[in-house]
1. In what order, largest first, do I74, I97 sit by accessible area if the probe radius is 1.4 Å?
2. Using all Cα-Cα distances in the range 424-483, what percent lands in each 10 angstrom bin from 0 up to the longest?
3. Using a Cα-Cα cut-off of under 30 Å, which lysines could be cross-linked to K226, ignoring same-chain neighbours fewer than 8 residues away?
4. Have a look at the DSSP beta bridges in the range 1-131 and tell me what percent are antiparallel, nearest 5.
5. Of all DSSP beta bridges located in the chain, what percent are antiparallel, nearest 5?
6. For the range 191-239, state which trypsin sites (Lys or Arg not before Pro) are in a DSSP loop and have at most 13 other beta carbons lying within 10 Å of their beta carbon.
7. Students often get this wrong, so try it: which of (1) 23.4; (2) 27.0; (3) 24.3 is Kirkwood radius over Cα pairs in Å as calculated from the structure shown?
8. Rounded to the nearest 500 deg cm²/dmol, what is the calculated helix-only ellipticity per residue at 222 nm for the chain, with -39500 (n - 2.57) per DSSP H run of length n ≥ 4?
Amino acid sequence: MLTHPAAPRAHNPPPTDAPHAVVIGSGFGGLAAAVRLLARGYRVTVLERLDQPGGRARVFREGGFTFDAGPTLITAPHLFAELWTLAGRRIEDDVEIVPLSPFYDIRFDDGETFTYSGSSEAMRREVARFSPGDVAGYERFLEVSREICRVGFEELGHVPFGSLRDMLKAAPDLVRLEAYRSVYGLVAKHMKDERLRTVFSFHPLLIGGNPFSTSAVYALIHHLEKHWGVHYAKGGINRLVSGIVSLIEGLGGQLRLNAPVAEILCEGRRACGVRLGNGERIAADIVVSNACSAVTHGTLVPEPLRRRWTARKLARSRFSMGLFVWYFGTRRRYEDVRHHTILLGPRYRELLDDIFARKRLAADMSLYLHRPSASDPSVAPDGCDAFYVLSPVPNLAGDVDWETQAEAYRQRVEARLAQTVLPGLSDEIVVSRMLTPADFANDYASYLGAGFGLEPVMWQSAWFRPHNRAEDVENLFIVGAGTHPGAGMPGVLSTARVLDRVVPDPRDLPRPHARASTATS
């Protein structure tokens, strides 16, 4: 269990004259921030632009099928349990979280499959089956990953990098851990078999990064999964969303749906509220944004106040790839398919170059296939399967017209699945829907329709990332994938933990708060 300065527990609603925090967005970062702020004594209002909470973690239901729209696995369940503890409750009473074993099947283009699990013995056997000479290298990589996780996640994951001094303090460890390498480069240092290099370097794709350019710091994911396991929430990951919403409401917080924020209101350089799309103004003593950090700084913050994160700087920044996601239900079950399967195409580095650098839609693809009904029959009608397949694609900086190309690409994904692990698929589909990068831009207000915000390269990590305490505006704080430590559920939940260190104690704020009606933008 990680140690950090925990917020004091508060089980009663804050008083009506307590300082008011407005949280923009109800993704996991925003929801976790709301719980932590309520536990510290703030009044909290969460504003969500969609008609349901969760942001990317919303849920689709159709024809008896339940589809998690975004996150599909849990890798640090104790971070969720901590939120329930802060609210004086037990997560076990609201959500059933179950471990998965193995974690993934990783299927190569030739049909060979690597079974990836948390068992050291089983993993050694799999490595030896592919390349006996790489077992010792795998053991070395495992130790390196463990040490990176200890430093990068357990020690620094909840620490704000608010000054260059903070970055310089961490520099010796980062150099010692070879953070200047890419994840692929670190893996390649220890293993020679190209297939194993792929198996142990793909993880950055789960947080929006290219394994060939993402800092080796993110090699910590291998140990994080091995140490805490890979889990699933029965009924769907969205059960965690509804569970946290119940914590917020139980602590006296408020969630408003269909409430898109158009602007962060400021008095001088201090945030004092927000203006909704319908013109309504809501006063606040602090504002916490779980919106895309590029949109927060480039759109919501008034233009005269944008000093560090200017339009020019954002235009020069690198953003994660886009995501094409197809949700579908079948009238039969595919019992040979595990909960998580990664289907690799014929190319690895070259495909990633097409996605991240050339930003073109390639003829081939690699896919992540999620079959939650393998572990949880409740998400599909009897005798049926629920699926979610994700294909990394270019973000909207490319020239893909998704309005005209989405269905054609879906058909290509369907054909690939039918040729590999889901024979006869076209005759079995009963429910189908898609999300493209254009939908990410429209539904989630994601800059360039990027799936994970800023790309996690070294010069966009830690101090170089938008800070948890906004640089340009006082009393504005950032949570979610676009700030430190970054994307992925452990990272996003950790951004909310950072608030314990950077958000002032509500008792230190003047009362009553400034009224938004007097704010200037």
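The values are calculated or read from the model by the stated rules, or taken from the named source; none is laboratory data. None of these values were measured; they are calculated from a predicted model. Every residue, glycine among them, receives a Cβ derived from its backbone with ideal geometry; neighbour counts consider all protein chains shown. We work out accessible area using only protein heavy atoms, side chains counted, and drop any ligands, DNA or RNA first. Shrake-Rupley method; radii C 1.70, N 1.55, O 1.52, S 1.80 Å.
1. I97, I74
2. Going out from 0 Å in 10 Å bins, the range 424-483 shows 19, 32, 26, 11, 9, 2 percent.
3. Counting by Cα, and skipping residues close in sequence, K226 has these lysines nearby: K169, K189, K192, K234.
4. 60
5. That works out to approximately 70 percent antiparallel.
6. Passing both the DSSP loop test and the Cβ count: K192.
7. Correct label, based on the coordinates given: (1).
8. Roughly -8500 deg cm²/dmol at 222 nm, from the helical runs in the chain.
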